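The values are calculated or read from the model by the stated rules, or taken from the named source; none is laboratory data. Only a predicted model underlies this, so the values are computations on that prediction, with no experimental measurement involved. All Cβ positions, even for glycine, are placed from backbone atoms using ideal geometry, and neighbour counts span all protein chains on display.
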Amino acid sequence: MMAGHRGQGETRQQILLLLRQKGPMTAAELSKDLGIGAVGVRQHLALLERDGLVHTSGVRRAIGRPSHLYALTDAAEALFPKAYDHLLIDALEFVRVQGGEGAIDQMFEARRQRLYAEYAPRLEGRSLPERVAELAAILNEHGYMCEWRRLPDGAIELIEHNCPIDCAARSYPQACAHERALYEDLLRVPVEQQQTIVADGRCCRFRIAGES
């Protein structure tokens, strides 16, 4: 389980940004730019590697011990804004003009059903914490920069530090509603959306009811 600490999430975001701006870097180079110890940087890199956002891309040989180079994976590259965001908004607006708000809702409903069919087998036969952990892993594969933790009252908190569908969700709130419904279907317990990036939150935060 990833401990849900905002500061740690922000440090990992800074690492991703540095790798995006400067290309492959060593842990020592990241440590210098971030102003934190190399041991701490390596711990963050290990988590980012586990989440499929960073990989070792080679070795830089200099005087002394060779150093591994770290680079972004394709999944991490997908976190950064691309020009096709505008194309997506144009396509959604075309659907709305042609079919009305109902057509937009139908499109997001079809997406939810498709994702459920894709994800559900990976959660089958697991306990609730295991289902949440697997859901977080799936979301990280798609760039959500997700982490989760159990709350003192037995509920579970799921936090997304990035929203890959942010451009659509800001104009079409149905996206957030269907996302929450998808999580509820997959986890088979009530899911409450407490905070969203599109509503100026620092993250998307969900409270997941414990199993009765």
Given the structure, is residue 71 closer than 24 Å to residue 139 by Cα, modelled with pLDDT of 80 or more and crowded, with 18+ Cβ neighbours inside 10 Å? no
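Table: residues versus (1) in contact (Cβ under 8 Å) with a residue 60 or more places away in the chain; (2) over 16 Å from the mean Cα position of the chain (by Cα).
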{"position": "140", "(1), (2)": "yes, no"}
{"position": "147", "(1), (2)": "yes, no"}
{"position": "151", "(1), (2)": "no, yes"}
{"position": "159", "(1), (2)": "yes, no"}
{"position": "166", "(1), (2)": "no, no"}
{"position": "170", "(1), (2)": "no, yes"}
{"position": "173", "(1), (2)": "no, yes"}
{"position": "183", "(1), (2)": "no, no"}
{"position": "187", "(1), (2)": "yes, yes"}
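Okay, residues lined up against (1) modelled with pLDDT under 85; (2) crowded, with 17+ Cβ neighbours inside 10 Å:
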{"residue": "129", "(1), (2)": "no, no"}
{"residue": "160", "(1), (2)": "no, yes"}
{"residue": "169", "(1), (2)": "yes, yes"}
{"residue": "175", "(1), (2)": "no, yes"}
{"residue": "202", "(1), (2)": "yes, no"}
{"residue": "206", "(1), (2)": "no, yes"}
Scanning the range 73-122 residue by residue, those touching a helix residue (DSSP H, G or I) at 6+ places or on another chain (Cβ under 7 Å) and either farther than 24 Å from residue 174 by Cβ or among the polar types (S, T, N, Q) (or both) turn out to be 75, 76, 80, 122
The range 24-55, subset over 24 Å from residue 134 (Cα atoms) and among the β-branched types (Val, Ile, Thr), residue surrounded by the most Cβ atoms within 10 Å (Cβ to Cβ): 41
From the list 157, 134, exactly one residue is more than 25 Å from residue 72 (Cα to Cα) and among the acidic types (Asp, Glu). Which is it? 157
Subset tally (residues that are surrounded by 18 or more Cβ atoms within 10 Å (Cβ to Cβ) and of a type in the set (A, V, I, L, M)) for the range 177-200: 6
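Matching residues to (1) more than 30 Å from residue 90 (Cβ to Cβ); (2) in contact with a Gly (Cβ under 8 Å, 6 or more places away or on another chain):
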{"site": "147", "(1), (2)": "yes, yes"}
{"site": "150", "(1), (2)": "yes, no"}
{"site": "155", "(1), (2)": "yes, yes"}
{"site": "165", "(1), (2)": "no, no"}
Being in a helix (DSSP H, G or I) and either assigned by TED's automatic domain parsing to the domain that holds residue 179 or among the aliphatic types (A, V, I, L, M) (or both) narrows 125, 102 down to just 102
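Conditions (1) of a type in the set (Val, Ile, Thr); (2) part of a helix (DSSP H, G or I); (3) modelled with pLDDT of 85 or more, marked per residue:
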| site | (1), (2), (3) |
| --- | --- |
| 7 | no, yes, no |
| 13 | no, yes, yes |
| 16 | no, yes, yes |
| 21 | no, yes, no |
| 44 | no, yes, yes |
| 52 | no, no, yes |
| 55 | no, no, yes |
Which residue is farthest from residue 107 (Cα to Cα), if the candidates are limited to the range 132-181 and must be assigned to a loop (DSSP other than H, G, I, E, B) and either of a type in the set (Phe, Trp, Tyr) or not assigned by TED's automatic domain parsing to the domain that holds residue 106 (or both)? 144
